[in-house]
Structures are given as C-alpha cells and as structure tokens.
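These notes concern the structure reproduced below.
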Amino acid sequence: MALGRSTKVCIYEPTATTPENSPHYVISGPKKVFVFNNNKFHKNQSVSERVGTKRDVAAIKETFEKLGWTVVIINDPTCSEVRDTMEEIRESKETRELTALAIFILSHGDNNGKIYAYDFYYDFKKEILNCLTASECPNLAGKPKLIFTQVCKEKTTHSSALIKFESDDDGYSTYRIPDFSDVLIYQLASYNNCICNLKTGSWFIQALCNRIKQCEVGESILQTLMKVSHDIETRHNRGFSKQQPFLQSTIDRDLYLKH
C-alpha cells in the first residue's frame, strides 16, 4: 500500500509494546476506540441524514467494551473537531500508554477520500491516515492502528522510523519500521452504497461487530475480517443490492482481539 513520500528517518523514545521478532502484537495493556459518527449535516452541504447509525454506534460500543477497550464517541463532529481529536491522539500522554488504537468513521463520502463532517468535508488521508504515521505519532509507532470506515491511491517510497521497546533482558531494544507500518484499513469498496436499516443498522458495521463477538481466542483479526467479508458479499436485499468490503493492511504479524 503506497501511502507516503518522505524518506526521512526518525528516532523515538520507548513506546512500543511488541518485540521485533514477536509473531503477534502484544496488546494486553490499554486500548482505545474513537468513533466519528456523523448522523446529521448542515443544510448547506445538501447531504441526507444517515438512518440506522445509532444502532451501529451501540454495536461498536458494546463489542469493544466487552473486549476491554475504552470507547470514545464523537457525534456529528465538525471538521475542526475531527482535526482536534486527531491532534489529541497524536499529542496526548495517554496515547503513549496505549497498546492499540481503533478508529471508526461513520459518514457520507466519495471514492476520492472525501468524508463529510457536519459542516464541511475533509480528506481521509490528510486528516486521519497521515496523523497516525510513525513520524507524526511516535507514541503509536509499532502498535496496531485499526481504521474502519463506512463511507462511500501513488507509488512512492515510505519514510522509516527507528523505535524502541522495553525489554526484560537488557532494558531497551530497537528496530526499524516503515512510516506507514502497523495500519489496517477495512471499509466498503468505494463503488458501493451503504445499505442501512433504521432498526438494525448497517450491514457492514453489524456484520463486523457480530463476527468480533463470535471470534474465538487464537483467531487473528484477518481471519475474522475474512468471515465478515464473506457474510456481506453473500448477503442480498430485496433489490438484489450487493456490497463488498475492501481491506488494506500493513500489519506484519498476527493481531488477536481475544487472548
């Protein structure tokens, strides 16, 4: 997934929780979910209200809180509130203590990365993805960052980062990672329209939360997402509409939500 241009090398203080040769991410410490839920929009945007999104938010909250994640819900954020939240994630001392981060974006958008906030639209890569690179957010370097978007891409070199993690043997060890490492993005393919129900929520979020609830200890997140994709791709409504999730990932080891 070619996402960046810079070739600079950055060195950071110890924050990572996973040793270089570990076959899986170590996420036994604090974990946090941020939900950007846009239901209503300013009339100047001519964007319709999103039905069923309350059900999706409730499902996300229930699913991840049961797994021990702290869930923060931001309802109908403006562009500036989205930016302020991402800045808080980058700069907060609390982020340093996290072992994993998840972001849900529930809104309208288009296939060029434009996502609608309450008052205007923002660019997914610039305002969300770029804020989570190792160079921009060293407190999350080497830690899994999961991004789930329900909204309806340049070959370059990536910058790298030298990160440190605390070792039981000799104090600290270091290893180098690409700047966009440890990121997973799971979303509906850009050509799909979201299928939502006022009473049951959206196919995408409900299938995702249901499969996470059902996943067993030792089942990796990629295995879980494969099941979600199958559930959605084989489902149809009365109008014979179909949906297809799309996965981009630079995570380089197994991630277990239940352990």
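The values are calculated or read from the model by the stated rules, or taken from the named source; none is laboratory data. Just so it is clear, the model here is predicted, and its values are computed rather than measured. Glycine also receives a Cβ, built like all others from the backbone with ideal geometry; neighbour counts cover every protein chain displayed. Protein only, heavy atoms only, side chains kept; ligands, DNA and RNA dropped before computing areas. Shrake-Rupley method; radii C 1.70, N 1.55, O 1.52, S 1.80 Å.
Structure above, values below:
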quantity: For D169: the one exception among (1) modelled with pLDDT under 95; (2) buried (at least 17 other Cβ atoms within 10 Å of the Cβ); calculated: (2)
quantity: Matching residues in the range 102-116 - criterion: being over 14 Å from the mean Cα position of the chain (by Cα) and surrounded by fewer than 22 Cβ atoms within 10 Å (Cβ to Cβ); calculated: H108, D110, N111, N112, G113, K114, Y116
quantity: T99, sole failed condition from (1) hydroxyl-bearing (S, T, Y); (2) more than 19 Å from I205 (Cα to Cα); (3) touching a helix residue (DSSP H, G or I) at 6+ places or on another chain (Cβ under 9 Å); (4) crowded, with 17+ Cβ neighbours inside 10 Å; calculated: (3)
quantity: Wholly enclosed strands (runs of 3 or more DSSP E) of the range 42-150 bearing at least 2 residues closer than 30 Å to E216 by Cβ; calculated: 70-75, 100-106, 145-150
quantity: Boolean, R83 is more than 20 Å from T17 (Cα to Cα), open to solvent by less than 20 Å² (accessible area, probe 1.4 Å) and of a type in the set (K, R); calculated: no
quantity: Verdict on A161 being at pLDDT 60 or above and either over 30 Å from K43 (Cβ atoms) or in contact with a strand residue (DSSP E or B) (Cβ under 7 Å, 6 or more places away or on another chain) (or both); calculated: no
quantity: Selection from the range 16-41 of residues that are under 21 Å from I221 (Cβ atoms), in contact with a His (Cβ under 9 Å, 6 or more places away or on another chain) and open to solvent by less than 20 Å² (accessible area, probe 1.4 Å); calculated: T18, I27
quantity: The range 29-52, subset modelled with pLDDT under 90 and β-branched (V, I, T), residue farthest from P144 (Cα to Cα); calculated: V47
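Listed here are the residues, each with its yes/no results for (1) open to solvent by less than 20 Å² (accessible area, probe 1.4 Å); (2) under 17 Å from the mean Cα position of the chain (by Cα); (3) on the phi > 0 side of the Ramachandran plot; (4) modelled with pLDDT of 90 or more.
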{"position": "S181", "(1), (2), (3), (4)": "yes, yes, no, no"}
{"position": "I195", "(1), (2), (3), (4)": "no, no, no, no"}
{"position": "Q214", "(1), (2), (3), (4)": "no, no, no, yes"}
{"position": "R238", "(1), (2), (3), (4)": "no, no, no, no"}
